[in-house]
Amino acid sequence: MKQKQTLFLVEIAVFSALAYLLDLFSGFLFSRIWPQGGSVSIAMVPVFLMAFRWGVKGGIITGFLFGLLQAILGMSQIYHPIQGILDYLVAFALVGTAGLFAAQVKESMQKGNRIKWIAFVIAGTFIGSALRFIAHFISGWVFFGSYAPPGQPVALYSFLYNGTYMLPSMILSAIIVILVISYAPSRMVQSTQVSNKI
């Protein structure tokens, strides 16, 4: 059990750092397209992989640390403490809720039902991405209304602004997660559970 807990913590650290590096790269590419923050990115992939491997706990902790790294080290757009918490800590922690489907993914893989586990992976990536989108949407609505074009409702502006990068990010992430799990199924979805004492 202690060895599993150590592995859990090491993987959280590695996958959080990987997510940060992937996001940093996409930020350099797309920063001019979304000047108030956000970009088409596969940075959620490591968080999703941790969520499907270790469950909700692994996913949320990895997402939270990834968001913390962004807030402290990244090219973050923080204009207010609550906005920073919502856009980075909360939004990326919520990506880890994809782990709600970890057991179903593992069970479907053990039964050799490829279509079913892929469907659960897609459902998990959708829920994690949707919850992240909601956090960004609320932040945009409350804190970035001044950037809305004249006459455009702030809620619509936030919806469109955040949707234009979240939708492709979700689709790309789902495809890559499916490919990674297909390539190394025993590694990614082995039976891994850790004590709640961590």
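The values are calculated or read from the model by the stated rules, or taken from the named source; none is laboratory data. Given the structure is predicted, the values throughout are model-derived calculations rather than measurements. Cβ placement follows ideal geometry from the backbone for every residue including glycine, while neighbour counts extend to all protein chains displayed. Keep in mind that these areas ignore ligands, DNA and RNA; they rest on the heavy atoms of the full protein, side chains included. Shrake-Rupley method; radii C 1.70, N 1.55, O 1.52, S 1.80 Å.
At a glance:
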quantity: Computed label-point distance, nm, for sites A184 and A71 using a 7 Å Cα→Cβ extension; calculated: 3.0 nm
quantity: Relative contact order computed over region 77-198 (Cα-Cα under 8 Å; 6+ residues apart), in percent; calculated: 26 percent
quantity: Förster-model FRET efficiency, 45 Å R0, Y79 and A103, C-beta, rounded to 0.05; calculated: 0.70
quantity: With every protein chain in place, the chain: carbon and sulfur % of accessible area (1.4 Å); calculated: 71 percent
quantity: Region 78-132 - accessible surface per residue (Å², probe 1.4 Å); calculated: 48 Å²
quantity: Potential extension, L7-V142 segment - 0.36 nm per residue separation minus Cα distance; calculated: 44.6 nm
quantity: Ellipticity estimate at 222 nm from DSSP helix runs (n ≥ 4, -39,500 (n - 2.57)) divided over the chain, nearest 500; calculated: -23500 deg cm²/dmol
quantity: Packing rank of 87-100, 128-141, 161-174, where each peptide gets the mean count of other beta carbons within 10 Å, highest leading; calculated: 87-100, 128-141, 161-174
quantity: Using θ = phi - 60° and Karplus 6.51 cos²θ - 1.76 cosθ + 1.60, couplings along region 168-185 (whole Hz; Gly, Pro as x); calculated: x, 5, 5, 5, 4, 4, 4, 4, 5, 4, 4, 5, 5, 5, 5, 6, 9, x
quantity: Estimated FRET transfer efficiency (L24, T164; beta-carbon r; R0 22 Å; 0.05); calculated: 0.60
quantity: Packing-based ranking, highest mean first, of 16-24, 146-154, 50-58, 64-72 given that Cβ atoms within 10 Å are counted; calculated: 50-58, 64-72, 16-24, 146-154
quantity: Gap separating the Cα centres of region 162-183 and region 78-117, nearest whole Å; calculated: 12 Å
